[in-house]
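Read the structure below first, then the notes.
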Amino acid sequence: MTTWQYLVTVIQWTDGHWRPQMENGQPVDPAGAAPMYEYLNQKGAEGWELVTAPPSNKAGIGADGELDPHMH
């Protein structure tokens, strides 16, 4: 029987980048949190495979009419 491992990561906009905030319900050390593209590359090198990345339910448009990443 095949068994699977799952890694659920919460990403937040922090210091001008999307960064991991939690992994499987545990806080990620903010000092060591890489920007999302580096984080995904690190996890891929560890053998993890990205299965899904659901859109944020907090997406928003800023006062200037542009997508505001702080609200995404």
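From the list M1, M36, which residue is closer than 16 Å to P54 by Cβ and open to solvent by 50 Å² or more (accessible area, probe 1.4 Å)?
Numbers: M1 fails: closer than 16 Å to P54 by Cβ.
Testing whether each residue is closer than 16 Å to P54 by Cβ and open to solvent by 50 Å² or more (accessible area, probe 1.4 Å) leaves just M36.
How about region 1-46: which of its residues are under 11 Å from the mean Cα position of the chain (by Cα) and part of a helix (DSSP H, G or I)?
Result: M36, Y37, E38, Y39, L40.
The values are calculated or read from the model by the stated rules, or taken from the named source; none is laboratory data. These numbers come from a predicted model, not from an experiment. Cβ: placed from backbone, ideal geometry, glycine included. Neighbour counts: every protein chain shown. These area figures cover heavy atoms from the full protein model, side chains too; ligands, DNA and RNA do not enter into them. Shrake-Rupley method; radii C 1.70, N 1.55, O 1.52, S 1.80 Å.
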